[in-house]
Amino acid sequence: YVMFCDSDDWMEPRMCEMMLSKAETEGCDMVVCDYDSVCGDKVEAIGPCFKENFLQQLILCRVTGSLWNKLVRASILRRADFIYPDHDFSEDHAYCVQFAIFADKIGYIQMPLYNYVKRQDSLVRSQEPARVRKRYDDDLANVAVEMSALEKAGLTEKFREEIVVRKLQTKNTYRQDGTLWKKAFPELDCQIFRSRFVSFRSKCAYLSRRIKCVL
């Protein structure tokens, strides 16, 4: 099995033991746990980090796609058809989507066993033009990896409407930059109105923003 930890975060003392025990006793290919979000002196418990139809929930971005609250069977990473992202921003989600595709059974520990430290100076929050462009390119690359993995698994049509949401959420990350927003996933102009997972309000906001970009 493989686990993950960011350099400025920390695990609770029994996290490895509990995650491994869950995997071995229940025959899980992946185990997910809740976590604490730490920002200075403020600690917020985040959960539940697992919901039924986990792959669908990942695509819809309704559960965290981070690597660090998950244990995964190493053989999944050794699969010949596993796609390794070649970029280094927010690639966790592309890994987790594939874990969920290939995992026959997923276990869940409803307890915060990981401590995630939120940094104000992180790449995620920087508004420097070069970093924004880096995030944009890598975000689109992540979605491309996920779409390729779903296609290889024959799941593209099954999750067609959910994929619209995944693309829309990525696109809307750049709504303050009209040029980047307009360039990202132009196919959504036709697809967004056909997805039952996109609210009427979101569809109206999309249409309004799209008209402004044209004008």
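The values are calculated or read from the model by the stated rules, or taken from the named source; none is laboratory data. Everything quoted here is computed from the prediction, not taken from an experiment. Because the Cβ atoms are built from the backbone with ideal geometry, glycine has one as well, and the counts that use them run over all protein chains shown. Surface areas here come from the heavy atoms of the whole protein model, side chains and all, with no ligands, DNA or RNA. Shrake-Rupley method; radii C 1.70, N 1.55, O 1.52, S 1.80 Å.
Restricting to the stretch 152-176, and then to whatever is in a loop (DSSP other than H, G, I, E, B), in contact with a helix residue (DSSP H, G or I) (Cβ under 7 Å, 6 or more places away or on another chain) and not aliphatic (A, V, I, L, M), can you tell me which residue is surrounded by the most Cβ atoms within 10 Å (Cβ to Cβ)?
Within the stretch 152-176, the match that is surrounded by the most Cβ atoms within 10 Å (Cβ to Cβ) is F159.
Out of the stretch 177-196, which residues are within 20 Å of R62 (Cβ to Cβ) and open to solvent by less than 10 Å² (accessible area, probe 1.4 Å)?
Those that are within 20 Å of R62 (Cβ to Cβ) and open to solvent by less than 10 Å² (accessible area, probe 1.4 Å): L188, I192, S195.
For the stretch 140-151, which residues satisfy the criterion of being among the acidic types (D, E) and open to solvent by less than 20 Å² (accessible area, probe 1.4 Å)?
Of all residues in the stretch 140-151, those among the acidic types (D, E) come to 146, 151.
Matches in the stretch 140-151: E146 only.
Considering the stretch 73-106 alone, what residues qualify as being in contact with a Leu (Cβ under 7 Å, 6 or more places away or on another chain) and of a type in the set (D, E)?
Across the stretch 73-106, the qualifying residue is only D92.
Six or more apart or on different chains, Cβ atoms under 8 Å: show the pairs whose first residue is in the stretch 166-192 and over 16 Å from V132 (Cα atoms) and touching a residue at least 40 places away in the same chain (Cβ under 8 Å) and whose second is aliphatic (A, V, I, L, M) and not in a helix (DSSP H, G or I).
Close Cβ pairs (under 8 Å, with a partner that is aliphatic (A, V, I, L, M) and not in a helix (DSSP H, G or I)) amount to R166/L60.
Checking the conditions here, which among V38, V63 is hydrophobic (A, V, I, L, M, F, W, C) and more than 19 Å from R166 (Cα to Cα)?
Sole residue among the options that is hydrophobic (A, V, I, L, M, F, W, C) and more than 19 Å from R166 (Cα to Cα): V38.
Testing T179 on (1) modelled with pLDDT under 95; (2) within 16 Å of F197 (Cβ to Cβ), one condition comes back false. Which one is that?
Checking T179 against (1) modelled with pLDDT under 95; (2) within 16 Å of F197 (Cβ to Cβ), the one that fails is (2).
Could you name every one of the strands (runs of 3 or more DSSP E) located completely within the stretch 1-72 that has at least 2 residues being open to solvent by less than 10 Å² (accessible area, probe 1.4 Å)? Please lay out each step first, then the result.
On the way: elements: 30-39, 42-46, 70-72.
It comes to 30-39, 70-72.
Just to be sure before I move on: is V97 assigned to a helix (DSSP H, G or I) and open to solvent by less than 20 Å² (accessible area, probe 1.4 Å) in the structure I sent? Write out each step before concluding.
Values: assigned to a helix (DSSP H, G or I): yes; open to solvent by less than 20 Å² (accessible area, probe 1.4 Å): yes.
Yes.
Has the stretch 113-121 got at least one residue that is in contact with a helix residue (DSSP H, G or I) (Cβ under 7 Å, 6 or more places away or on another chain) and in a helix (DSSP H, G or I)? Write out each step before concluding.
Pass one, the stretch 113-121, residues in contact with a helix residue (DSSP H, G or I) (Cβ under 7 Å, 6 or more places away or on another chain): 113-114.
Of the ones still in play, those that are also in a helix (DSSP H, G or I) are none.
Within the stretch 113-121, none of the residues are in contact with a helix residue (DSSP H, G or I) (Cβ under 7 Å, 6 or more places away or on another chain) and in a helix (DSSP H, G or I).
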